Amino acid sequence: MSGELKSESQPKGKQAAGESTCDVGIVCALKIEISPFLDMADHVNKVRGGDFVFYGVKLGDRRIAIVETGAGKTPATKGTQALIDGHNPPWILSAGLSGGLAEETRTGDIVVANTVSLDEENAVLNIGQQQEDDQPGVHNGKLVTVKNIVRLVTEKQALHERTGALAVDMETYHVARVCVERKKPFAAIRAISDDLSADLPPEILGILGPKGAVRAGAVFSALLNRPSCVTDLWALRERALQSGERLAKFLKKMLG
């Protein structure tokens, strides 16, 4: 499913020197996104390097280097650069969870991106030819990257109408941008963890840190203000875990 990123004005960049230590590199933001895939691997070696966590994974005869970056532009950019500098993967995959923007994208569905855009700058990168997949619940289309969590259904609908994107996240465009600069083939696979059926709980904006860790103080405050939020947050976690399992199965089939 990989293809060269194509942009009318690609910046000049130098490809990382040295031999590849892996067959593919994966960039993810949070541990919850990649944990189910790690559980399916034949072997996992975990190393912390600077601000990032790296995993060396064996899946059959495939060697996979994974970096867990944290959420947002700067971690995704620097983490992708570190992955290339350290492992020089022949191609790179942005993988994780995302919000569904279109009626046809339901929780647990997979979006294989053929275009990645940055909403704040109206910038677009086209990914090279993607393999069509006729599996139920698998969609091929546009992915949009934003700065902040899109919490409300009305906000998601407006974003879809403005961009035509099927799903939204906070990292993929920035991973793709590095791949353009470093001349690395790239693909993006996202599992929908929240669709248009309901708003995300308002507490989600305050309780998660940049690495996806739960802020205990923020949780305590949220419980004091709205005790019922624990039910909403638990349901959100369960949907994220189920979507992560779906993503892991798709990645295993794709990479195997």
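Results, tabulated for the structure shown:
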| read-out | value |
| --- | --- |
| For region 107-123, 3J(HN,Hα) per residue [Karplus equation, 6.51 cos²θ - 1.76 cosθ + 1.60, θ = phi - 60°, Hz, x = Gly/Pro] | 3, x, 6, 10, 10, 9, 6, 10, 9, 10, 10, 10, 4, 5, 10, 6, 9 |
| Charge dipole of region 45-190 about the Cα centre (unit charges at C-beta), most positive-ward option of Leu97, Asn114, Ile64 | Ile64 |
| Estimated vicinal HN-Hα couplings, Hz - region 151-168 in sequence order (Karplus 6.51, -1.76, 1.60; Gly, Pro = x) | 8, 8, 4, 5, 5, 5, 4, 5, 5, 5, 5, 6, 10, x, 6, 8, 8, 10 |
| Long-range HN-HN contacts of Ala167 with modeled amide H, under 5 Å | Leu101, Val144 |
| Amide H contacts under 5 Å for Val53, placed H, 5+ residues apart | Glu68 |
| Residue pairs, from the table Lys31/Lys147; Lys46/Lys156; Lys31/Lys142; Lys31/Lys253, whose Cα atoms sit over 26 Å apart | Lys46/Lys156 |
| Amide H contacts under 5 Å for Ser94, placed H, 5+ residues apart | Val27, Ala187, Ala188, Ile189 |
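Values quoted throughout were computed directly from the atomic coordinates according to the rules given, and no laboratory measurement underlies them. Remember, predicted model here, so these are calculated numbers, not experimental data. Cβ coordinates were reconstructed from backbone atoms using ideal geometry, including for glycine residues, and neighbour counts include every protein chain displayed.
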